[in-house]
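Q: Structure below; questions to follow.
The values are calculated or read from the model by the stated rules, or taken from the named source; none is laboratory data. Fair warning: this is a prediction, and the values are worked out from it, not measured in the lab. Note: ideal-geometry Cβ built from the backbone for every residue, glycine included; neighbour counts use all protein chains shown. Just so you know, the surface numbers come from the protein's heavy atoms only, side chains and all, with ligands and any DNA or RNA stripped out. Shrake-Rupley method; radii C 1.70, N 1.55, O 1.52, S 1.80 Å.
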Amino acid sequence: TRPLDYVDIINAHFYSGRTDPEVCTDDPNVNRGGAKNPMSRTYRQDLRDLVYWRDTYKPEAEIWITETGYDVGGPMGRTERYQAAKLPRCVLMALAEGVDKVFIYREKGSRASQHAGSGLLRDDETVRPAFFTVATMTRQLLPYKGRALKLDLGDPNVWCYYWEQGANQLLTIWSLKESTPMPLK
């Protein structure tokens with residue numbers, strides 16, 4: 001037997017700190033001594049390679065991202081609004097590329113220290129905007145299983161995935177900029 005014979009689930013974590021997941025090439029959790037350890041690949045490229053590896057060597061295994069999240073405050077944090085926009089995009093990208101499950105780090109937490117502020121709920125259990133964007137994304141994606149097709153709309157700041165399951169079709173579209181015209185007719 002081989003070690004891979006005993007693997008049912010392939011596990012990965014993803015954090016991009018203050019950088020958008022679409023363009024991230026650095027994991028702030030692996031920085032050593034304050035020096036950045038840039039990766040040469042983007043999150044999407046890494047997801048595609050991971051799914052390819054699984055499909056080649058252990059196609060029956062599931063891929064789970066068991067930790068991802070975005071701090072509000074703290075050394076890697078941004079605003080609650082930014083967390084609400086960024087978290088669904090990270091999850092959508094993973095699911096669209098073939099990841100089976102994504103677990104969001106921290107259901108509750110609002111202290112402004114590394115990762116303690118990444119909850120969907122604040123410490124007093126009031127909901128953050130990210131709770132609603134993640135809930136909306138989850139409800140919209142329920143009918144869809146498997147990969148989605150990334151569509152090129154001619155603007156690198158506009159991301160679009162096409163989801164199809166039987167007669168159900170869905171487009172998920174977002175922009176990396178605050179305001180961008182959507183190139184759709």
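Q: Would the chain count as rounded, prolate or oblate if I go by the C-alpha gyration tensor, calling it rounded below 1.5 in a/c and otherwise prolate when a/b exceeds b/c, oblate otherwise?
A: rounded
Q: Only Lys, Arg, Asp and Glu count, each charged at its Cβ (+1, +1, -1, -1), so figure out the dipole size of segment 76-185 about its Cα centre, rounded to 20 debye.
A: Here segment 76-185 has a charge dipole of around 80 debye.
Q: For segment 49-153: lysine pairs with Cα atoms under 18 Å, gap of 8 or more or different chains, count?
A: For segment 49-153, the number of qualifying lysine pairs is 5.
Q: So, with a 1.4 angstrom probe, what is the percent of accessible area on segment 37-125 that is carbon and sulfur?
A: 50 percent
Q: Could you work out the local net charge near HIS13, counting Lys and Arg as +1, Asp and Glu as -1, over the other residues with Cβ closer than 9 Å to its Cβ?
A: After counting each charged neighbour, the total is -2.
Q: Here's a follow-up. Only Lys, Arg, Asp and Glu count, each charged at its Cβ (+1, +1, -1, -1), so figure out the dipole size of segment 123-163 about its Cα centre, rounded to 20 debye.
A: It comes to approximately 340 debye.
Q: If you don't mind, there's one more thing I want to ask. How about segment 56-118: which GluC sites (Glu not before Pro) there lie in a loop by DSSP and see at most 13 other Cβ atoms within 10 Å?
A: Answer in residue order: GLU60, GLU107.
Q: Moving on. Rounded to the nearest 5, what is the percent of antiparallel bridges among the DSSP beta bridges in the chain?
A: 55 percent
Q: How many nm is it between the label spots at LEU170 and MET182, if each spot is 7 Å from the Cα in line with the beta carbon?
A: Each label point lies 7 Å from its Cα, and together they span 1.5 nm.
Q: Here is a further query. Mind checking the per residue accessible area of the chain for me, 1.4 Å probe, whole number of Å²?
A: 57 Å²
Q: How would you classify segment 93-150 from its alpha-carbon gyration tensor, with a ≥ b ≥ c the square roots of the eigenvalues: rounded for a/c under 1.5, else prolate if a/b is greater than b/c, otherwise oblate?
A: prolate
Q: Among THR79, ALA61, TYR43, whose Cα lies farthest out toward the positive end of the dipole of segment 38-92, if unit charges sit on the beta carbon of Lys, Arg (+1) and Asp, Glu (-1)?
A: After comparing all options, I get THR79.
Q: Let me ask another. Kindly state, to the nearest 0.05, the FRET efficiency for ARG2 paired with ARG41, given R0 = 35 Å and r defined as their beta-carbon distance.
A: It comes out at approximately 0.85.
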